[in-house]
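Engineer: Questions regarding the structure given below will be posed in turn.
No lab work stands behind these numbers, since they all come straight from the coordinates. Here the structure is a predicted model, which is why all the values come from computation and not from measurement. Using ideal geometry, Cβ is built from the backbone for each residue, glycine included, and neighbour counts are taken over all protein chains shown.
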Amino acid sequence: RRVLGATLLLPLVFAVWYDQKIGGLVLMCITLVMGLEVKRITDMPPVSGYLLAGLILAQSIPHTVIDRPSTIIHGLALLAAAMVFFHTKKFIVALFICLLSLCLGYASFLLLQPSGHIMLVALAAIIAGCDIAAYFVGTWLGGTKLWPQVSPNKTIAGSIGGLVAAMGLTIILADVFGFGDPLDALVSGLVIGVLAQGGDLLESAIKRRLKVKDSGSILPGHGGMLDRFDGYILVVPAFYLYFFGI
């Protein structure tokens, strides 16, 4: 089921890689599903829930359609977080929604760059490799749990395996990011791996606070779009700010 769920995403990945404008449409479609999943897991009332989903969707609108400065991106993220905090009274859930909204906003910024769609696909490969390696290494070796109160199945061994995979893939894809020094690629891969796993743990934490198992059921073996793309939440903003600034 996990392999099937991941396979269903391959056409989306290819579409982003193939064309920047198509990549923007793919981002909007994914964001629409995420916004509806956020409405569901936060149990927002219909009017405010759909307004929240609309705010999140607005972050992913291509800048070629509606150009907007970073202040708008940040403002929409804070507004979405405030709405969630007002309803749930849970700071960590509001923080997650703020970071999700920023991630989508910076993803739309990244797609403005000449090779932004290629960079986004490369990041997807690194994050997926980190996730796959962590899953299989953790299942194979077992051992001490990473953070059992938040994610009982994740192990320290699996986390290390994921970090090694992220570093290795970043070195392989160094030319995409313009890393001339293998050490830069190695360190960047480590940071990407840490942030990807951090986003995964953060989503696990908010699901526990909201008492939901998965954000949705659209992807067999993975749950919802939020479950599949939680690793991007910290990676994309950090990557964009490092390479391109605010």
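Engineer: Could you compute the FRET efficiency for TYR18 and PHE86, with r as their C-beta to C-beta distance and R0 at 30 Å, rounded to 0.05? Walk me through the numbers on the way to the answer.
Structural biologist: On the way: r = 41 Å, r/R0 = 1.37.
FRET efficiency, TYR18 to PHE86: 0.15.
Engineer: What FRET efficiency comes out for THR64 versus THR144 if R0 is 45 angstrom and r is the Cβ-Cβ distance? Round to the nearest 0.05. If you can, show how the numbers build up before the last one.
Structural biologist: Values: r = 48 Å, r/R0 = 1.08.
Calculated value: 0.40.
Engineer: Compute the length gained on full extension between ASN153 and LEU241: take 0.36 nm times their separation in residues and subtract their Cα-Cα distance, giving the result in nm to one decimal. Could you put the intermediate results ahead of the total?
Structural biologist: Details: separation 88, 0.36 × 88 = 31.68 nm, distance 3.21 nm.
That works out to 28.5 nm of additional length.
Engineer: Taking θ as phi - 60°, what are the ³J(HN,Hα) couplings along the range 85-97 by the Karplus curve (6.51, -1.76, 1.60), each to the nearest whole Hz, with x for Gly and Pro?
Structural biologist: Computed from phi, the couplings for the range 85-97 are 5, 4, 7, 8, 6, 10, 4, 5, 5, 5, 4, 4, 5 Hz.
Engineer: Sticking with this structure for a sec: Could you rank the peptides 177-185, 128-136 by their average count of other C-beta atoms within 10 Å per residue, with the highest value first? All intermediate terms of the calculation are to be shown ahead of the outcome.
Structural biologist: On the way: 177-185: 13.7, 128-136: 21.3.
So the order, starting with the most tightly packed, is 128-136, 177-185.
Engineer: Further question: Relative contact order of the chain: what whole-number percent is it, with Cα pairs under 8 angstrom and at least 6 residues apart?
Structural biologist: This gives 22 percent for the chain.
Engineer: Quick query: amide H of THR155 versus all other amide H atoms, modeled in the peptide plane; which residues come in under 5 Å with a sequence gap of 5 or more or a different chain?
Structural biologist: The answer is LEU146.
Engineer: Principal axis lengths of the chain from Cα atoms, whole Å, largest first?
Structural biologist: Dimensions of the chain along the principal axes of its Cα atoms: 47, 42, 30 Å.
Engineer: Find how much the distance from LEU8 to ASP214 grows on full extension, using 0.36 nm per residue of separation minus their present alpha carbon separation; answer in nm with one decimal. Walk me through the intermediate numbers first.
Structural biologist: Working: separation 206, 0.36 × 206 = 74.16 nm, distance 1.78 nm.
Using 0.36 nm per residue and subtracting the Cα-Cα distance, I get 72.4 nm.
Engineer: For the chain, what number of Lys pairs, 8 or more residues apart or on separate chains, have alpha-carbon atoms under 16 Å from each other?
Structural biologist: Eligible lysine pairs with Cα atoms under 16 Å apart amount to 12.
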